[in-house]
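I have placed the structure first, in the form of C-alpha cells, so that the comments after it can refer back to it.
The values are calculated or read from the model by the stated rules, or taken from the named source; none is laboratory data. Because the structure is predicted, anything quoted here is derived from the model rather than measured. Heads up, the Cβs are rebuilt from the backbone with ideal geometry, glycines too, and the neighbour counts pull from every protein chain shown. All accessible areas refer to the heavy atoms of the entire protein, side chains included, with ligands and DNA or RNA removed. Shrake-Rupley method; radii C 1.70, N 1.55, O 1.52, S 1.80 Å.
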Amino acid sequence: MNSHLRPSYALKPLIVASSLIISVGLTTLGAHAAPDLPSGEHATKDVDITQPIKALENLSSLKNEKKLDFSIPKFQHFTTSNGVPVIFFQTNQLPIVDVDLRFNAGSARDESIRKDGFGLASMVADLLTKGTKQLDETAFAEATEQLGIELGSAAYKDQFVINLRSLSESDKLDPALKLLSDVLNEPRYEAKVLERSKAQQILGLKQMMQNPSYLANITFNKTLYGSHPYAHSSYGTIDSIPNIEIKDLQRFHDTYLVAQNASLSLTGDLTLEQAKQAAETITRQLNQGKPAPKLPQPTPIKNSKWVHVDYDSDQTSVVIGQQGHSVSVDPTQLQRRSDFSIGNEILAGSGFNSRLMGKIRKEMGYTYGIYGSMTAMQVPGPYTINFSTRNEKADEAIKATLQTVEETLQQGVTADEFKLTQESLINSYPMGFSSNAGINGMLGALNFNKLPDSYLTNYIDRVENSSVKQVNAALQETLTPDKFIIVTVGKPDIAKNSELNKLK
C-alpha cells in the first residue's frame, strides 16, 4: 500500500485504550465516548449524568462485580547484528506478521538537510514506497499486490515510520521482507515521480489551507514554537515543497535512515528464531550511520497570547494550549503523567462526562465537540484544547472554556469524577491489545522512545495507585492558563471589552 497518508491505524488502539501519551503527532482520544445526536436534532429531555441509573439497582450481576483480570502479554527483546533494538510479541491466532520500523528522523530534521526544506521528510516517505532500483513504480505496485502486503511509510515531527503487514507463510513473508529491505537500501528516487509527488503535495496543501481547523493548528504551532523545528507542519508549505530536489531526499535518507537511528518491533505468527531471522533480513544492509542529535529545547512561553487569522466562514475554529510534556522514563514522572491523564479525561476528554463537554456543548450549546489532549514528544510537545463554534458565540465560548479550566484547577476534580474515570480507563485498556496492529503500534512507540516494558505492563497499577489529590496536583503543575496561546480562525464577534483584546 503506497501511501502519502499517515498510518494512524497502528497507534489508535493505544491512544483510545489508555489515554497514554506516547505519540507521533496524533490527537489523543478519550477512553470512552458517547455517540453524537444527528445534526440538527436534540433529545426531548436531557439526561442528568450526575444521577444514578435506577435500572442498575435491579441488576444483581453488577453488585458482584469482580476486579478486571487481565494479563499483559510478554514481550521479548533482542538486538540485531547491526545493533538495531527489537521488541517481539508472538501471537499465533492469525497467520499475519506486522512490522514497525522507526527512525529518529521526522520533519523536525528537515532543515538540517536543507534550509527552509519543510516537507522533506514527508516527501522521502512518499517516494520510499514508489520503487526500488530493480523495480520502477509500476512494477513495485504490482509486486506488493501479488504478495498481498500492506507497505507504507510516513513522517511525523519526531519520527519516520515504515509499516509492513504480510501473511506469515514463508512464500509471502520472505519476499515481503526482502522488498522492505530493498526499499530501505535501494530506494528509487526518480525525478519524474518526485515532480508528480510535489505537485500532489502542493495541491493537497492548497486544499488544507481552505480548512479553518488546519489553519488554526499550524498557526498555533508556529506561535507556540517560534523558530523551533516543531513550529512547521510535517507536510511542508506551498513555498518550500517546489525547492526539494533528489539530492535532498538522498541526503536525508543517508543521514537518518540508518541502523544507529533505528528501532524495530515485530508482532505475529512467528517463533523467536523466525523473528530474529526476519529482523536480520530487514536491517542487516542498513548503513551504521550516526544517531540523530538531540533536538533543542523550545523557548518557554512567558505570557498568554491571542492570535487571530481572518477567514470567511460562519464558524470560528479555536485552539487553546501550551507547551506540555516530553517523553520520560522516570517512574515518578510516569506516575505523574498517568495522574494528569486521568485529570485531563475529566476536564477535557471526548466523553460527555467531561467538564468542558458538559459546559460548552451540553449547557451552553456552543459546539458539537470540545476536546483536550497532551502529545508528549522528544522535547515538550503541545497540550491543546480544540473546538469550533458560531462566530457570534466564539468570544463567550472561549471565555467559558478558560473559566472551566481555571475552576477545575482551583476547586479540583471530585471523588465521583475520579472514580468513574479511573474505572473507565482501567476497563478500556485491554482493548489496546485486541489486534496485532494495535499491539505492534504500542511496541513500536515503546521501543522508539526507549521506555521500559513497565510503561505498558504497569499502566493499570499506575491508574489504580492514583488519587484525587495526585490528579489535582498533576493538573495544577501542568496546566498554566496564564501562558495559554489562543488561536482563532474565522470571523469571530469579539466584544471590545473582551479579555482577548488584552492578549493581542
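Just one of Glu363, Glu417, Glu423 is more than 25 Å from the chain's Cα centre (by Cα) and surrounded by fewer than 20 Cβ atoms within 10 Å (Cβ to Cβ); which is it? Quick ask: steps written out before the conclusion?
Values: Glu417 fails: surrounded by fewer than 20 Cβ atoms within 10 Å (Cβ to Cβ); Glu423 fails: more than 25 Å from the chain's Cα centre (by Cα).
The conditions single out Glu363.
Collect the residues in the range 374-386 that are touching an Asp or Glu at 6+ places or on another chain (Cβ under 6 Å) and either outside any loop (DSSP other than H, G, I, E, B) or among the small types (Gly, Ala, Ser) (or both), keeping them in residue-number order. Reasoning before the result, please.
Residues of the range 374-386 that are touching an Asp or Glu at 6+ places or on another chain (Cβ under 6 Å), as a first pass: 377-378.
If the condition is that a residue be touching an Asp or Glu at 6+ places or on another chain (Cβ under 6 Å) and either outside any loop (DSSP other than H, G, I, E, B) or among the small types (Gly, Ala, Ser) (or both), then Met377 is the only one that fits.
Across the range 196-221, what is the total count of residues that are of a type in the set (Val, Ile, Thr) and either free of Cβ contacts under 8 Å to residues at least 40 places away in the same chain or loosely packed, with under 15 Cβ neighbours inside 10 Å (or both)? Walk me through how you get there before you give the answer.
Applying the first criterion (of a type in the set (Val, Ile, Thr)) to the range 196-221 yields 202, 218-219.
Narrowing further to those that are either free of Cβ contacts under 8 Å to residues at least 40 places away in the same chain or loosely packed, with under 15 Cβ neighbours inside 10 Å (or both): 218.
Within the range 196-221, residues that are of a type in the set (Val, Ile, Thr) and either free of Cβ contacts under 8 Å to residues at least 40 places away in the same chain or loosely packed, with under 15 Cβ neighbours inside 10 Å (or both) number 1.
Only one residue in Asn391, Asn447 is surrounded by fewer than 21 Cβ atoms within 10 Å (Cβ to Cβ) and modelled with pLDDT of 95 or more. Which one?
Values: Asn447 fails: surrounded by fewer than 21 Cβ atoms within 10 Å (Cβ to Cβ).
Testing whether each residue is surrounded by fewer than 21 Cβ atoms within 10 Å (Cβ to Cβ) and modelled with pLDDT of 95 or more leaves just Asn391.
Which residues, counting only those in the range 417-441, are touching a Ser or Thr at 6+ places or on another chain (Cβ under 8 Å) and more than 30 Å from Lys74 (Cβ to Cβ)?
The answer is Phe418, and nothing else.
Give the residues of the range 323-373 that are over 24 Å from Ile301 (Cα atoms), assigned to a helix (DSSP H, G or I), among the polar types (S, T, N, Q) and free of Cβ contacts under 8 Å to residues at least 40 places away in the same chain, sorted by residue number.
Within the range 323-373, Thr332 is the sole residue that qualifies.
Regarding Glu150, is this residue more than 23 Å from Asn104 (Cα to Cα) and either among the charged types (D, E, K, R) or open to solvent by less than 50 Å² (accessible area, probe 1.4 Å) (or both)?
On the way: more than 23 Å from Asn104 (Cα to Cα): no; either among the charged types (D, E, K, R) or open to solvent by less than 50 Å² (accessible area, probe 1.4 Å) (or both): yes.
No.
Quickly run through the range 123-135 and pick out the residues that are under 10 Å from Tyr189 (Cα atoms) and surrounded by fewer than 18 Cβ atoms within 10 Å (Cβ to Cβ).
Correct list: Lys133 only.
Taking into account only those residues within the range 91-122 that are more than 24 Å from Val379 (Cβ to Cβ) and either at pLDDT 95 or above or of a type in the set (Phe, Trp, Tyr) (or both), which is most open to solvent (accessible area, probe 1.4 Å)? Steps first, please.
Narrowing the range 91-122 to residues more than 24 Å from Val379 (Cβ to Cβ): 91-99.
After this cut, where a residue has to be either at pLDDT 95 or above or of a type in the set (Phe, Trp, Tyr) (or both) as well, the list is 95-99.
Values: Pro95: 58, Ile96: 34, Val97: 3, Asp98: 8, Val99: 3 Å².
Going through the qualifying residues, I end up with Pro95.
For residues in the range 314-342 being open to solvent by 30 Å² or more (accessible area, probe 1.4 Å) and among the hydroxyl-bearing types (Ser, Thr, Tyr), which is farthest from Leu425 (Cα to Cα)?
That would be Ser326.
Scan Leu286, Leu264 and give me the residue that is surrounded by 22 or more Cβ atoms within 10 Å (Cβ to Cβ), of a type outside the set (Asp, Glu), in contact (Cβ under 8 Å) with a residue 12 or more places away in the chain and assigned to a strand (DSSP E or B).
Details: Leu286 fails: assigned to a strand (DSSP E or B).
The match here is Leu264.
Which pairs have Cβ atoms under 9 Å, sit 6 or more apart or on different chains, and link a residue in the range 147-161 that is more than 9 Å from Ala125 (Cβ to Cβ) to one that is open to solvent by 10 Å² or more (accessible area, probe 1.4 Å) and of a type in the set (D, E, K, R)?
As it stands, the answer is Leu147/Lys172; Gly148/Lys172; Ile149/Arg165; Ile149/Lys172; Glu150/Arg165; Leu151/Arg165; Tyr156/Arg6, since those pairs meet every condition given.
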